[in-house]
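Everything on this sheet refers to the single structure shown next.
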Amino acid sequence: MEILENQPPVIRIDDCLSAAFIDSVLIAERDSRNGKYASVSPINSVDCLEADQLMQDIHSGFIDPEGIRQELIHIKSLNFYGVVVDCWWCIVEGLAGSSLAKEDGQPQQVEDSFSFSDSESAGPNLSITVVGASGDLAKKKIFPALFALFYEDWLPENFIVFGYARTKMTDEELRNMISQTLTCRIDKRANCADKMDQFLKRCFYHSGLYDSEDNFLDLDSELKEREGGRPSNRLFYLSIPPNIFVDVVRCASLKASSKNGWTRVIVEKPFGRDSESSSELTRSLKQYLAEDQIFRIDHYLGKELVENLSVLRFSNLVFEPLWSRNYIRNVQLIFSEDFGTEGRGGYFDNYGIIRDIMQNHLVQILALFAMEPPVSLDAEDIRNEKVKVLRSMKPILLEDVVVGQYKGHSKGGKSYPAYIDDSTVPKGSLTPTFAAAALFIGNARWDGVPFLMKAGKALHTKRAEIRVQFRHVPGNLYKRNFGTDLDKATNELVLRVQPDEAIYLKINNKVPGLGMRLDRSDLNLLYRSRYSREIPDAYERLLLDAIEGERRLFIRSDELDAAWALFTPLLKEIENKKIAPELYPYGSRGPVGAHYLAARHNVRWGDLGGDD
């Protein structure tokens, strides 16, 4: 035990708590003459009680929690906070069914916010700052993902969340705002409301400019006040437009980074518009951050089925031997949305569907699918193999690309607007809302296999999937039973990323009966039927990985360079030649040109089958 002289009245207790045991509970009596602690003595004869036994004794009535509570009130009035006192306080509070303490029979008001001084658990603090906290992404995805992690006990005990934006707002207003999007969707436990309250008490707000070092210095002061002088790690999530990434990183790095722990920054796409702007962004970020501090997030890499892709391939003997040009005829990466830009055309028009979906989501999935087996599951080993795939890809030819743009359409008495009818879209815009492309990998495993990508808005359905079409069976004994349509005899592996996550394999099967009639059937793993738990949102997985320093599902700078090197020449050619997109009706399957593109490579889009 150590009594600190000439400082605020705090006693440091080094020997009263060992593992799960409480040796004694100490009280301090103030010497009224000099204001220092004059003596220390045990409350009672309870020595070396295991915490569980102490709880049982209070429940059984062997120990009176009220007497302990009154002593703790006395200690609290002296501004004494010790490890053991806090432990006893938690036990007595939780088991006596009261809020904190009762003094003179009156309830004491519970504090409406959290600071790390309230907690004595081991381990460093974690401070998460959501920059752009008033935006849609923060409200709809980031805060709900953080709450889900807290709800499932994935976050460390010592954490707080700060929102930062230009909007003027109080802590309470932030809590009210984000409480509208928090749900206990993972399960329906009865403590949902309590967990929400606990989470919201850890949420705070600081208003400031994105390019003001002074404002970030003020944020740093607030963080330090909440962190209570303990070692702290800090995570910044940049939910802001890319043109202010560098300003925020500069201010946060110089004025609000952790002095005694790590500092990490999550950066949302888009990472530039082409190779040049992406390289400039990377160079600017690295003026203030090391590469291992930058977490470039692509939320599609956090999807359950995408992460399961390598498990399916490398942990099942039946698949890996087939994963090559010898058995796979083509691979299709399909992304479709059943809605248009809906007022976000100003942002979308600056990027288009190729930059928005193909260059990041789909090409990242392609790299994971096609990579060689990594040396280990270490992040760097996996990302090394992905980079090799991207660098092996052949340049994309304009003749292997189809671009489209949705036009107005009436269906069922309802009218759907064209892309250029969006008031935020420039008149006469040629920005594609649909694109299909054939890509090729120039290595021994995949030479000659077309990887077909298709992505679009305002299509007939919402879908994201990977389809693997295998080669025809050579010398198929049953080819007469399929007629002339040999594609129906093709085995196909489908990984449906969304909606209704599933993995299914299309096989040929005999229809029961006396004749010989073949049918195409599915061996189907439908996740909602097989697994009772709801699948976590991709942002939950990626936020947790960033907190834990796991970089496997984040994009390294050389991956980004290789992906842009693949698409930049194509984008410049389309824009320089002012290629007019083929129009397709809102709610249709897309432009006809996409079907001709597939046919040119002897492929039929797998999502067009009537049984799908």
* Asked: Treating the beta-carbon of each Lys and Arg as +1 and of each Asp and Glu as -1, no other charges, what is the dipole magnitude of the range 342-426 about its Cα centre, to the nearest 20 debye?
  -> 240 debye
* Asked: Which translational diffusion coefficient, to the nearest whole µm²/s, is obtained for the range 125-268 from the Stokes-Einstein equation, given a Kirkwood hydrodynamic radius over C-alpha pairs, 20 °C and 1.002 mPa s?
  -> 140 µm²/s
* To do: Please pull out the direction-averaged projected area of the range 483-565, using the convex hull of its alpha-carbon atoms, in nm² to one decimal place.
  => 9.9 nm²
* Accessible-area value, residue 529, 1.4 Å probe, nucleic acids and ligands omitted, Å² -> 90 Å²
* **the range 125-268 - accessible surface per residue (Å², probe 1.4 Å)** => 40 Å²
* When ligands, DNA and RNA are left out and all protein chains stay put, how many square angstrom of accessible area per residue does the range 386-504 have with a 1.4 Å probe? -> 45 Å²
* Within the range 513-612, chymotrypsin sites (Phe, Trp or Tyr not before Pro) in DSSP loop having at most 14 other beta-carbon neighbours inside 10 Å -> 531
* Asked: Can you give the charge dipole size of the range 125-268 about its Cα centre, rounded to the nearest 20 debye, using +1 on the beta carbon of Lys and Arg and -1 on the beta carbon of Asp and Glu?
  -> 300 debye
* **Per residue, the convex hull volume that the Cα atoms of the range 197-343 enclose (Å³)** => 234 Å³
* Structure fact -> Too long for a 24 Å Cα-Cα cut-off, among 394/572; 427/457; 141/201; 168/286; 139/303, are 168/286
* Phi to ³J(HN,Hα) by Karplus 6.51 cos²θ - 1.76 cosθ + 1.60 over the range 251-257, Hz, x for Gly, Pro -> 5, 5, 5, 7, 10, 9, 7
* Asked: Where the accessible area of the range 170-281 is counted over protein heavy atoms with a 1.4 Å probe, how much of it, in %, is carbon and sulfur?
  -> 49 percent
* Might you work out the accessible area of residue 608 for me, using a 1.4 Å probe with all protein chains in place, and round it to the nearest 10 Å²? => 50 Å²
* How much solvent-accessible surface does residue 262 expose, in Å² to the nearest 10, with a 1.4 Å probe and all protein chains in place? -> 60 Å²
* Structure fact -> Listed by chain and number, the residues whose amide H is under 5 Å from that of residue 329, excluding neighbours fewer than 5 places away on the same chain and using placed H, are 469, 470, 471
* Pairwise FRET efficiency - residue 292 versus residue 211, Cβ, R0 = 22 Å, nearest 0.05 -> 0.30
* Asked: For the range 378-389, in order, what is each residue's ³J(HN,Hα) by Karplus, 6.51 cos²θ - 1.76 cosθ + 1.60 with θ = phi - 60°, in whole Hz (x at glycine and Pro)?
  -> 4, 3, 5, 5, 5, 5, 4, 5, 5, 4, 4, 4
* **For residue 134, residues with placed amide H under 5 Å, excluding near neighbours** => none
* Non-local amide H neighbours of residue 163 (under 5 Å, H modeled in plane, Pro and chain starts lacking H): which ones? -> 130, 204, 205, 206
* Structure fact -> If unit charges are put on Cβ atoms (+1 for Lys and Arg, -1 for Asp and Glu) and the dipole of the range 366-475 is taken about its Cα centre, the option from 369, 446, 466 lying farthest towards the positive end turns out to be 466
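The values are calculated or read from the model by the stated rules, or taken from the named source; none is laboratory data. Since we're looking at a predicted model, the values are computed, not measured. Ideal geometry is used to build each Cβ from the backbone, glycine not excepted, and the neighbour counts take in all protein chains shown. The area values use the complete protein model at the heavy-atom level, side chains included, leaving out ligands, DNA and RNA. Shrake-Rupley method; radii C 1.70, N 1.55, O 1.52, S 1.80 Å.
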